[in-house]
Amino acid sequence: MIEAVPLKVVKLPHAAGLPDYATETAAGMDLMAATNGDVVLHPGERSVVPSGIAVAVPPGYEAQVRPRSGLAMRHGVTVLNSPGTIDADYRGEIGVLLVNLGAAPYVIERGQRIAQLVIAPVARAVWETVDALPETPRGAGGFGSTGMTDIGEKGAPGNR
């Protein structure tokens, strides 16, 4: 069963509509561009696109702004700071930081679905300062270290 989290929302005057879930079991609801007209995003360019909504996320939760997979796959347009985090104490308009990593200009139209909004529980860390960390088979092996063979790759981090 999917947990229903109450989410207060203000539909701002320039909103194109409220976010909605595309399917019965979708994790994310689609955010729409609340622009005054078309916005052209040239290759390598980024822009904050207004959503036209402000939300009050309940304490203990966050809202995550995530890319739409089809937009990223077909056009190379994605959420730059993915996932963008909307904290429970933020009350301003949700802006979507889009970047065009594709080869062609991309036109964002008013009302277009540009990102997904996912509501997720928050866990907060409590630091425990120690002199050493427990050993693991991986150790300090970083980028690419779990894909190395027994022979290893010269110059790879964590190479043994």
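Read-outs: derived from the displayed coordinates by stated rules, not from any lab. Note that the structure is a prediction, hence the values are computed from the model and not measured.
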Theoretical ellipticity at 222 nm over the chain - DSSP helices of four or more residues, -39500 (n - 2.57) apiece, nearest 500
-1000 deg cm²/dmol
How big is D, in µm² s⁻¹, for the chain by Stokes-Einstein at 37 °C and 0.692 mPa s if Rh is the Kirkwood radius over C-alpha pairs?
178 µm²/s
